[in-house]
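The structure appears below as structure tokens.
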Amino acid sequence: MLFDTHAHYSSSSFDQDRDEVLASLPGEGVGLVLCPGSDLWTSRRCIELAEQYPHVYAAAGIHPEDALDLPEDWLAQVEEMASHPKVRAIGEIGLDYYWQEVPHDLQKEVFRAQLALAQRLDLPVIVHDREAHGDSLDIVREFPGVKGVFHCYSGSVEMAKVLVDLGWYLSFTGTITFKNARKAPEVIAAMPIERIMVETDAPYMAPVPFRGKRCDSRYVYRMAETIAEIKGLTWEEVEAITTENGKRLFRIEG
Ligand code: NI
């Protein structure tokens, strides 16, 4: 069974068939899904889905692109959601310097506040780092008690090694299946398999040969296949190990 460690089923892309897709996943070999929030509303929506489906877990948090115009009690709202038994992480949180809309200082403030919350609640975090590698690494190092995953990892091999030494995980999306993928395969080759997880980031970034289609967790086997190829492991080994890694990080038993 595979664990899709990052899929946005709160997205309106699933409004027509969300229940059909989610209900089908265990029969399609995807036994676990983690649905991260990106703002207060989507965090709540992910929790509702986790209540509805035994194989779905949730994370609550504010994405850097959603850090503008937060209500005054936003952090208290995230904390309250984090007390739900199916919320297994704070996320997704981080820095995004690709989109220019949200000032970097505000992104950093919201990121730090949520790392401090994760430290206090003893929860792992799911980090979004887009074109902000140096600052993302510096800030997570300010919170040595916090562990988590850099999702859709796009940093260097050197940074990956630092993160692994700090006890962090990296997860990879369909971009690793693209013909022009260069850096991620190098990172995967250099990383211990015990720190790698697979994810779709559905509805975005469908893997080859489904590129351009709406992505859902049924495609996550392509990431496991690609990792198996890069690391010279069998598909079954990658399936078992990446699922164990996700269960260990997000403290999912059974
Ligand atoms: Ni995401």
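The values are calculated or read from the model by the stated rules, or taken from the named source; none is laboratory data. Remember, predicted model here, so these are calculated numbers, not experimental data. A quick note on method: Cβ atoms are made from the backbone with ideal geometry, for glycine too, and the neighbour counts reach across all protein chains shown. In case anyone asks, the SASA skips ligands and DNA or RNA and just uses the protein heavy atoms, side chains included. Shrake-Rupley method; radii C 1.70, N 1.55, O 1.52, S 1.80 Å.
For a label point 7 Å from the Cα of GLU229 along Cα→C-beta, name the residues of the stretch 172-208 whose backbone N is under 12 Å from it.
So the set is 176-181, 185, 208.
Compute, for the stretch 163-213, the length of the dipole vector about the Cα centre, with Cβ point charges of +1 (Lys, Arg) and -1 (Asp, Glu) only. Units Debye, rounded to 20.
340 debye
Add -39500 (n - 2.57) for each DSSP H run of 4 or more in the chain, then divide by its residues: what number comes out at 222 nm, to the nearest 500 deg cm²/dmol?
When only DSSP H runs of four or more count, the value is -12000 deg cm²/dmol.
Among SER24, HIS104, PHE178, which residue has its Cα furthest toward the positive end of the charge dipole of the chain, with +1 on Lys/Arg Cβ and -1 on Asp/Glu Cβ?
About the Cα centre, the residue reaching furthest to the positive side is PHE178.
What is the magnitude of the charge dipole of the stretch 96-214 about its Cα centre, with +1 placed on the Cβ of each Lys and Arg, -1 on the Cβ of each Asp and Glu, and no other charges, expressed in debye to the nearest 20?
With only Lys, Arg, Asp and Glu charged at Cβ, the dipole is about 500 debye.
Residue by residue through the stretch 87-92, what is 3J(HN,Hα) from phi via Karplus (6.51 cos²θ - 1.76 cosθ + 1.60, θ = phi - 60°)? Round to whole Hz and write x for glycine and proline.
8, 10, 6, 9, x, 9
Search the structure for amide H atoms under 5 Å from the amide H of TYR57, placed 1.01 Å from N in the peptide plane, and list their residues when 5 or more places away or on another chain.
Residues meeting the criterion, in which the H sits 1.01 Å from N, are VAL33, LEU34, CYS35.
Once the dipole of the stretch 84-211 is set up with Lys and Arg at +1 and Asp and Glu at -1 on Cβ about the Cα centre, which of MET205, HIS133, PHE150 lies farthest towards its positive end?
Highest projection toward the positive end goes to MET205.
Run the lone-cysteine check on the chain: no other Cys C-beta under 4.7 Å from the residue's C-beta.
CYS152, CYS215
Report the paramagnetic label zone for GLU101: residues of the stretch 67-83 whose backbone N is under 15 Å from a point 7 Å from Cα along the Cα-to-Cβ axis.
Output list for this probe position: 67-70.
How large is ³J(HN,Hα) for each residue in the stretch 178-184, as worked out from phi by the Karplus curve 6.51 cos²θ - 1.76 cosθ + 1.60 (θ = phi - 60°), to whole Hz, x for Gly and Pro?
Here the 3J(HN,Hα) series is 6, 4, 8, 5, 10, 5, 4 Hz.
Please list, ordered by chain and number, the residues whose modelled amide H lies under 5 Å from the amide H of MET197; skip anything fewer than 5 residues away on the same chain.
Hits under the 5 Å cutoff: LEU170, SER171, PHE172.
What whole-number distance in Å separates the alpha-carbon centres of the stretch 61-131 and the stretch 158-201?
22 Å
For the chain, with all protein chains present and a 1.4 Å probe, just round the carbon and sulfur fraction of the accessible area to a whole percent.
On the way: 5360 of 10870 Å².
Looking at the chain in its full context, I get 49 percent from C and S.
Cross-link partners among aspartates and glutamates for LYS183, C-alpha distance below 18 Å, same-chain residues fewer than 8 apart left out?
ASP129, GLU131, GLU158, GLU199, GLU225, GLU229
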